[in-house]
Each structure stands twice: as structure tokens, then as C-alpha cells.
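Contents: one structure, followed by commentary.
Just so it is clear, none of the values below were taken in a lab; they were calculated from the coordinates. Predicted, not measured: the structure shown is a model, and the values here were computed from it. Glycine gets a Cβ as well: all are built from the backbone with ideal geometry, and neighbour counts include every protein chain shown.
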Amino acid sequence: MKSVKTTLTSMVAVATLGLSVQAVAGPTLDAVVKKGFVQCGISDGLPGFSYADDKGQFRGIDVDVCRGVAAALFGDATKVRFSPLTAKERFTALQSGEVDMLSRNTTWTSSRDSGMGLNFAGVNYYDGQGFLVSTKLGVKSAKELDGAAVCIQAGTTTELNLTDYFRANGMKYTPITYDKSDETVKALEAGRCDVLTSDQSQLYAQRIKLANPNDYVVLPEVISKEPLGPVVRQGDDEWFNIVRWTLFAMVNAEELGVTSANVEDMAKNSQNPDVRRMLGAEGEYGKDLRLPKDWAVQIVKQVGNYGEMFERNVGKNSELKIERGLNALWNQGGLQYAPPIR
Ligand SMILES: N[C@@H](CCC(=O)N[C@@H](CS)C(=O)NCC(=O)O)C(=O)O
């Protein structure tokens, strides 16, 4: 337990520095509240992550993170507007303030997290880079790709990983670079390249866009770590916390068995202290984040817990049928882990 003296000393320090919880307030939250919606940068067409369905509604796990932030803030997951961005455009759009957050299958790397003035708020999908080839090529492993023409998207981590992998394995390749993912898919189909490389989840997403998906296979090698997550501008901790804890609330909800179907009942009747704290029945955890008391209830009710979001968009209830793998919860053999709400 903290002694009275230590507590007093830190209170004096806070008072001397003129600090209070409000003093860390940043401009983004105020601006978002004023305009009444979150402007979110997403990909311009990646099934499972962000894409417009046949009714023109954006869907996917990246889209859902933005909707979760809107639900936490406004109690309304529809209070978000989407800006589809290419890989090349995405960071400038965030840095310039054109979007409030970026949720666009973006890999967390040291250079992006520091030198580019950005902050990654968490990981909504653990990925890794892979290769998609035509079965006609008769290749079973990426080690057999010496001399290949490789389709790739500009402005991605994919480019450097590819160079590293071929160099490390003493192989040569010809890069064929496009700005948009659809262009790389069309180029593969037209035979302009032998292989398409990108994050493995995206290969599955791109594969279903092909006229004959069964004529193409994803090779077994995963050549990099691609932790994908939402990004905000550096220097606004308050907004950073809101985005980060939206994601954490979804992961914690899954771990605690709170789902979109039972969240309202749990908010009223659960006796589990962790659930009560998360759902606002005990404590002021929403207020600390400058969010309403029922922030986590709204996220789970309107968007779902992490597992629901995963299965609906990329997992067993989607066309992609991706296994949980690394994206299972930490206590189920995966890496998804959220610090507690307390
Ligand atoms: N995760 C990597 C790759 C991200 C990336 O942009 N991948 C492309 C290749 S699939 C993409 O998302 N394209 C979708 C689009 O342009 O809409 C990164 O952050 O650089």
C-alpha cells in the first residue's frame, strides 16, 4: 500500500506541475465530438478487412474497429464515415488530419511507430507475409521461386520483406509493382506475374476475387511478422487511449464470455467483478477514458466481442474461413491478450 507521505508527495507534484487528468486532453476527441462522427481511413477493397458489400455498406474487421470507437463514444456504431485509402495514401491522410484514425491492414513497425509521427493502438489481426501462385506453375514451396516475376503493392512492408527473402535465399526476382490490390490480382490472372505476395490473410481475400480461385494456391511459407492494427497520430494520448481500449474491451469481452447477445443482461445481472467493471456496473472506468459509463456495453452490443468480429468477417461465418491461429485468445493458444479493465 502507498504510504500517506508518497501519496501526498505525488499530489503535490501533480499540483506543482499544474497537471490534472483533463490536462492530457488532446484535440482529436473534442473535434470528433463536435462534428459528431469518427472519420476513419480504411482499405479500398479487401474482403474480410474492409470492403463495401452489395448494399454499399462497409464491412470487415478493420471497419468494425472504427465502428467500435463510434459505439464507445456516441453509443452509435453508425456515427463513422469511411475514407478508402490506398497503401501509399494512408499515412499522409492520417498525418494531415484528413482522418481521425487509420484502420487499414497496416503493419506495426518501429519506423511507422516513431519516425512517421504515428502510434499503433494495438493489434486486431496477427498476420505474416505469404505467396499466392497459379497451380500451373507446379511450385510447392517459395524456395522454388528463383527468377519469378512477383506482383506486389507499392508503399507496403511487403516490398522490403520480399527483397530480404529472395536475397537471404540467393534467388532473383522481377518486381511488378501496382498501387492497388485489385491491379495486382488482375495482373496475376492475366499472367503478367508468376506469383503475388502480400499479407497471408489478404492472399485468401484476394484469392476469392479470382475467376477460378481453385487454380491458385497459397504456399506454406510465412516470411515475416505483420501485426496489423489501428493507428492514430502521435501526441494525443487521450484519443490514443480511446482507440486502444475499444480494441481491448472487445478482447476482454470475449475472454469474459460477454457477447452481443448477452451483454445487456450481463450489465444488469453479472456478479463477476471484472464483467461489472467493464460494463460500467462498478467504478468509473468509462469516465477515466472520457467515455460514457456504458462505453463497453455499446461496443459489444453493436459490434460484438473480438471473437464475434473475427468469425463474422474472416473466420468460420465468412467466405474466407480463416482459422483463429495466432488470433485466438492468449488462454486458447493464441496471441490476443488485453490488459484488464480496473
Ligand atoms: N500490412 C502491410 C501491407 C498492407 C497493404 O496495403 N496491402 C495491400 C495488398 S493486399 C492492400 O491492402 N491492398 C488493398 C487495397 O489497396 O485496397 C503494410 O502495412 O504495409
_Inter-site label distance for Asp215 and Thr259 at 7 Å from Cα along Cβ, in nm_ = 4.1 nm
*Can you list the HN-Hα couplings for the stretch 46-61, worked out from phi with the Karplus curve (6.51, -1.76, 1.60; θ = phi - 60°), rounded to whole Hz and with x for Gly and Pro?*
9, x, x, 9, 7, 7, 8, 7, 5, 9, x, 8, 6, 9, x, 5
*asked:* Can you give me the C-alpha center-to-center distance between the stretch 174-224 and the stretch 113-132, rounded to a whole angstrom?
replied: 20 Å
_In whole Hz and in residue order, list the ³J(HN,Hα) couplings for the stretch 131-142 that follow from phi through the Karplus curve 6.51 cos²θ - 1.76 cosθ + 1.60, θ = phi - 60°; x for Gly and Pro._
10, 10, 10, 6, 4, 4, 5, x, 9, 9, 9, 5
*asked:* Apply the Karplus curve 6.51 cos²θ - 1.76 cosθ + 1.60, θ = phi - 60°, to the phi angles in the stretch 35-40 and return the couplings in whole Hz, x for Gly and Pro.
replied: 7, x, 7, 9, 9, 10
*First measure r as the distance between the Cβ atoms of Asp113 and Asp288, then evaluate 1/(1 + (r/R0)^6) with R0 = 22 Å and state the FRET efficiency to the nearest 0.05.*
0.35
*Any idea how far apart Thr92 and Thr174 come out in nm if each label point goes 7 Å out from Cα toward Cβ?*
3.0 nm
*asked:* Modelling each spin label as a point 7 Å along the Cα-to-Cβ direction, I'd like the Arg81/Asp146 distance in nm, to one decimal.
replied: 5.5 nm
*What GluC sites (Glu not before Pro) in the stretch 272-342 are in a loop by DSSP, with at most 12 other Cβ atoms within 10 Å of the Cβ?*
Glu284, Glu319, Glu323
_For Ile176, what residues show an amide H to amide H distance below 5 Å, using hydrogens built from the backbone and excluding near sequence neighbours?_
Val150, Cys151, Ile152
*On full extension of the chain, what length is gained from Asp182 through Glu311, given 0.36 nm per residue of separation minus the C-alpha to C-alpha distance?*
44.0 nm
*asked:* Quick check: the angle from helix 237-255's long axis to the longest principal axis of the chain, C-alpha only, nearest 10 degrees?
replied: 80 degrees
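Can you tell me the relative contact order of the chain? Whole percent, Cα pairs under 8 Å, sequence separation 6 or more.
Working: 640 pairs, mean separation 71.4, N = 342.
The value is 21 percent.
Express in nm, to one decimal, how much length is gained between Lys136 and Leu335 on full extension, taking 0.36 nm for each residue of separation and deducting their alpha carbon distance. It would help to have the intermediate numbers written out before the result.
Values: separation 199, 0.36 × 199 = 71.64 nm, distance 3.59 nm.
So the chain would gain 68.1 nm between Lys136 and Leu335.
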_Rounding to the nearest 10 and keeping the result within 0 to 90°, find how far the Cα-based axis of helix 4-17 lies from the longest principal axis of the chain._
70 degrees
*What are the residues whose amide H is under 5 Å from the amide H of Leu85, where those residues sit 5 or more places off or on another chain and H is modelled from the backbone?*
Ile42, Ser43, Asp44
